[in-house]
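Asker: A single structure is presented below for examination.
The values are calculated or read from the model by the stated rules, or taken from the named source; none is laboratory data. The model shown is predicted, which means the values in this text are computed figures rather than measured ones. Cβ: placed from backbone, ideal geometry, glycine included. Neighbour counts: every protein chain shown.
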Amino acid sequence: MSLRKLFNFHGGVKPAYNKEASIQLPIAAAPLPPELVIPLHQSIGGTPRPLVSAGEHVRKGQLIGAPDGYVSSAVHASTSGTVKAVELRLMPHTSGLSAFCVVIEPDGKDEWGDLAPVPWRSMNSDEVRGALRDAGVVGLGGAVFPSYLKANAGKQGHLNTLVINGAECEPYITCDDMQMREQGEIVVRGAAILRDLTKARQVLIGIENNKPEAIAAMQAAIKATGETNIEAVTIPTRYPAGGAKQLIRVLTGIEVPHGTRSTDYGVQCFNTGTAYAIYEALELGRPLISRIVTVAGNVETARNYEVRFGTPMRDVIALSKAKPDTDRIIMGGPMMGYRMPSDSVPVVKATNCILVGSPALFPPPPPEMPCIRCGECARACPTDLQPFEMYWFSRARLFEKAEAYHLADCIECGCCAFVCPARIPLVDYFRFAKSEVWARETEKDAADQARQRYEFRLEREERDKQEKAARLAAKAAETKAKLAQAGSGDAALIAAAAARTQEAEGKSNAE
Amino acid sequence: MIAALLVALLVMALGAVILGATLGYAAVKFRVEGDPLVEKIDSILPQTQCGQCGFPGCKGYAEAVARGEAEINCCPPGGEEGIRKLADLLGREFKPFSDGFNIEKPKSTAIIDEQTCIGCTLCIQACPVDAIVGAAKQMHTIIAGQCTGCELCLPPCPVNCIAMVPITENVVTWKWKYPAFSIGKAA
């Protein structure tokens, strides 16, 4: 055990972890489904542009969606087969809305396209970042932020600490745990690549102490690979220790202030799954086409599966056999997960867990009672916010005031709702208020742009008018000068008019 | 006695002159450009530049409201929320939309049917935010992201090839709903 000094983050809760069920069996590969539905929009940022059309044959790992915009990441075919359609399909999103997906009918050969390792050691950082963007690597902890934007050394030119997040604090989820146990060496190699890309002085792999096997596996993997400056650190189990800012706080003592980034303080955080994906992308040239997904909850055999993106959740759940009283599918854990509109939605890059629920497992919430301002939520908040104030203003739709209490810093971890004695669904209110604030901001930006364009148009019209007036004035002056030269008086004017008439006649004759 | 009085008067007069000059200079030097109230009103308005209020552009309406010549309930795209904000800013009473103004429409974008467009450029001249691209006898099209949905391009079109299409929710613009309980039977 290391003697590293650890720090504490404020608040947090200790829910029932329920992780034992899904760590009994090793990771299994999910079979090829009859149809893969790969959404184009799988990460934060712009929706990738589709590069294939119906009828085309694709190979495994072929680019099917090109990144669009600065914050965007590529999407690839997760097996070989024929593109059946590029059409609107139900998304794994609470809204129950549809978005464009590439539907692939597998040919069963599962044959890779041409793969070439990326010579990242001899490339400059922009080229490596481009390669990661094209490989579709995004944060696999659940936030799916494009990794290439994070894999840089920051303003100082080097990082002090690179944090690899293996805390996995959310109940039921064990995909990182199992990955560290079974593929620890590759995770360490990925962490080493990230260490070299970010020029980090030290790499700390933070793992909660309820995963002793993962900690042992990672320590063995670090020894086996012989990588230097990498250390697996055991941290106390407390939800949400796996939040990026919370884990950075625990491992380094740095509290990243409101409105700043951890890179400003020489720290960056990646998930263990992301480190694995980065190794695969750079050393093997394999784009991100699958991930490890925990299937847990109301199932016969909870287990982790390696699932290709686009596989319908229904097919993955079938492997674990859902119990008959199943009434809901949640993507993610019970604290932060989202309820899915149907079990037909595909597994995407953000799917770390498919939690199968039943009324017995997750009983309906007891009725909401009035807030008594006891302050329990503020004591539990890991981001030092005052949820009861934010709740008050969100409920009253006074969004500016809710923002003044730093609503935007809320990580929606659910600690406040977990401890609330009045059982107020606080996070639901914050999500509502956040999306309203966000919509208003977008509207305001659009209005500002419209104002600018309107003012520019007025200016341009005014300028055109002045230019025209100036042109006419110049012409008039010229004519006058000509007349003055030709001689004054009516005779000259008449002569000029006659000349013009003749000219015009000549023209029309010619035509 | 008289001398003391005179000195006192002179000192006061001198003071008045110096302070007056300073104030006068400051008034010229730190003069506020434009009317700050107009700017504030303008920032509340939705900037559709549609002219439904009867004034040219949102700025024109803002100026009229600031002068007290226009009511605050003449901007349908701003909705009731806009009226409320204006009422708050100006210290006036909230006023609901009067008849004829109360048509709150869903936010829409104009779409040109490219098969029918004859390339007359009339809509381009009408668009207040330059959101239509095209040239004479060439097909025109609307930059959807810049369109404010003002509908000013509809009347000039000689072939009626422009339609207003309401903006639908997608996964990115979807908003979380206000938490509400479904009322069920008490156990």
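Asker: Given the structure, is residue B:159 more than 10 Å from chain A (Cβ to nearest Cβ), out of contact with any Lys or Arg (no Cβ under 9 Å at 6 or more places or on another chain), surrounded by fewer than 17 Cβ atoms within 10 Å (Cβ to Cβ) and of a type in the set (A, V, I, L, M, F, W, C)?
Answerer: So residue B:159 passes the test.
Asker: Say we look at segment A:387-418 and pick out the residues that are farther than 21 Å from residue A:243 by Cβ and of a type in the set (Phe, Trp, Tyr); which of these is surrounded by the fewest Cβ atoms within 10 Å (Cβ to Cβ)?
Answerer: The residue in question is A:392.
Asker: Residue under question is residue A:94, and the condition is that it be of a type in the set (Ser, Thr, Tyr), in a loop (DSSP other than H, G, I, E, B) and buried (at least 19 other Cβ atoms within 10 Å of the Cβ); does it hold?
Answerer: The answer is no for residue A:94.
Asker: Out of (1) part of a strand (DSSP E or B); (2) in contact with a Ser or Thr (Cβ under 8 Å, 6 or more places away or on another chain), the odd one out for residue A:101 is which?
Answerer: Condition not satisfied by residue A:101: (2).
Asker: Within segment A:17-45, can you find the residues that are within 14 Å of chain B (Cβ to nearest Cβ) and more than 26 Å from residue A:241 (Cβ to Cβ)? Don't jump to the end; show me each part of the working.
Answerer: Of the residues in segment A:17-45, the ones within 14 Å of chain B (Cβ to nearest Cβ) are A:39-45.
Of everything in segment A:17-45, those that are within 14 Å of chain B (Cβ to nearest Cβ) and more than 26 Å from residue A:241 (Cβ to Cβ) turn out to be A:39, A:40, A:41, A:42, A:45.
Asker: Separate question: Which is more than 10 Å from chain A (Cβ to nearest Cβ) and free of Cβ contacts under 8 Å to residues at least 24 places away in the same chain, of B:126, B:135, B:131, B:144?
Answerer: Unique residue meeting the criteria: B:135.
Asker: Could you give me the residue pairs with C-beta distances under 7 Å whose first residue belongs to segment A:267-282 and is of a type in the set (A, V, I, L, M), whose second residue is assigned to a strand (DSSP E or B) and surrounded by fewer than 24 Cβ atoms within 10 Å (Cβ to Cβ) wherever it lies, and which are 6+ apart or on separate chains?
Answerer: Close Cβ pairs (under 7 Å, with a partner that is assigned to a strand (DSSP E or B) and surrounded by fewer than 24 Cβ atoms within 10 Å (Cβ to Cβ)) amount to A:267/A:161.
Asker: Are any residues in segment A:338-383 without any contact (Cβ under 8 Å) to a residue 24 or more places away in the chain and either within 24 Å of residue A:21 (Cα to Cα) or touching an Asp or Glu at 6+ places or on another chain (Cβ under 7 Å) (or both), and if so, which ones?
Answerer: A:363, A:364
Asker: Here is a follow-up. Tell me, which helices (runs of 4 or more DSSP H) wholly within segment A:360-455 include 3 or more residues that are within 14 Å of chain B (Cβ to nearest Cβ) and aromatic (Phe, Trp, Tyr)?
Answerer: Details: elements: A:376-380, A:387-395, A:399-404, A:415-419.
The qualifying helices (runs of 4 or more DSSP H) are A:387-395.
Asker: Can you tell me which condition residue A:246 does not meet? The list is (1) of a type in the set (S, T, N, Q); (2) outside any loop (DSSP other than H, G, I, E, B); (3) touching a helix residue (DSSP H, G or I) at 6+ places or on another chain (Cβ under 9 Å), and all the others hold.
Answerer: Single failed check for residue A:246: (3).
Asker: Let me ask something additional. Tell me which residues, restricted to segment A:298-340, are closer than 17 Å to residue A:360 by Cβ and touching a Cys at 6+ places or on another chain (Cβ under 9 Å).
Answerer: Answer for segment A:298-340, where residues must be closer than 17 Å to residue A:360 by Cβ and touching a Cys at 6+ places or on another chain (Cβ under 9 Å): just A:330.
Asker: Can I ask one more? Of the conditions (1) touching a helix residue (DSSP H, G or I) at 6+ places or on another chain (Cβ under 9 Å); (2) in a loop (DSSP other than H, G, I, E, B); (3) in contact (Cβ under 8 Å) with a residue 24 or more places away in the chain, residue A:144 fails just one. Which one is it?
Answerer: (1)
Residue by residue, here is whether (1) under 30 Å from residue A:171 (Cβ atoms); (2) part of a loop (DSSP other than H, G, I, E, B) holds:
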| residue | (1), (2) |
| --- | --- |
| A:6 | yes, yes |
| A:10 | yes, yes |
| A:38 | yes, no |
| A:41 | yes, yes |
| A:44 | yes, yes |
| A:53 | no, yes |
| A:71 | no, yes |
| A:78 | yes, yes |
| A:82 | no, no |
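Asker: Then there is this: Considering (1) of a type in the set (Lys, Arg); (2) out of contact with any strand residue (DSSP E or B) (no Cβ under 7 Å at 6 or more places or on another chain); (3) closer than 22 Å to residue A:89 by Cα, say which one residue A:286 fails and leave the rest.
Answerer: (3)
Asker: While we're here: Just to be sure before I move on: is residue B:153 of a type outside the set (Ser, Thr, Tyr), more than 13 Å from every other protein chain (Cβ to nearest Cβ) and more than 24 Å from the chain's Cα centre (by Cα) in the structure I sent?
Answerer: Against the criterion (of a type outside the set (Ser, Thr, Tyr), more than 13 Å from every other protein chain (Cβ to nearest Cβ) and more than 24 Å from the chain's Cα centre (by Cα)), residue B:153 does not qualify.
Asker: Now for a different question. Taking the conditions exactly as written (without any contact (Cβ under 8 Å) to a residue 24 or more places away in the chain, away from chain B (no Cβ under 14 Å), over 30 Å from residue B:131 (Cβ atoms) and in a helix (DSSP H, G or I)), does residue A:470 satisfy them or not? Don't jump to the end; show me each part of the working.
Answerer: Numbers: without any contact (Cβ under 8 Å) to a residue 24 or more places away in the chain: yes; away from chain B (no Cβ under 14 Å): yes; over 30 Å from residue B:131 (Cβ atoms): no; in a helix (DSSP H, G or I): yes.
Considered against the rule, which asks whether it is without any contact (Cβ under 8 Å) to a residue 24 or more places away in the chain, away from chain B (no Cβ under 14 Å), over 30 Å from residue B:131 (Cβ atoms) and in a helix (DSSP H, G or I), residue A:470 comes out as no.
Asker: In this structure, is residue A:174 more than 22 Å from the chain's Cα centre (by Cα), touching a residue at least 60 places away in the same chain (Cβ under 8 Å) and away from chain B (no Cβ under 14 Å)?
Answerer: So residue A:174 does not fit the description; no.
Asker: Which of the helices (runs of 4 or more DSSP H) found entirely inside segment B:1-92 contain at least 3 residues meeting this: within 30 Å of residue B:108 (Cα to Cα) and outside the structural domain of residue B:150 (by TED's automatic domain parsing)? Steps first, answer last, please.
Answerer: Details: elements: B:2-29, B:36-44, B:57-67, B:79-90.
Result: B:36-44, B:57-67, B:79-90.
Asker: Of the conditions (1) at pLDDT 90 or above; (2) surrounded by fewer than 18 Cβ atoms within 10 Å (Cβ to Cβ), residue A:481 clears all except one; give me its number.
Answerer: For residue A:481, the exception is condition (1).
Asker: How about segment A:147-175: which of its residues are at pLDDT 90 or above, part of a loop (DSSP other than H, G, I, E, B) and farther than 28 Å from residue A:338 by Cα?
Answerer: Across segment A:147-175, the qualifying residues are A:159, A:160.
Asker: Here is a follow-up. Tell me which residues, restricted to segment A:195-228, are closer than 27 Å to residue A:123 by Cα and touching a strand residue (DSSP E or B) at 6+ places or on another chain (Cβ under 6 Å).
Answerer: Listed by number, the residues that qualify are A:195, A:198, A:200, A:202, A:203, A:204, A:205, A:222.
Asker: Here is a further query. Look at segment A:170-193 and say how many of its residues are farther than 18 Å from residue A:28 by Cα and acidic (Asp, Glu).
Answerer: Number satisfying all stated conditions: 2.
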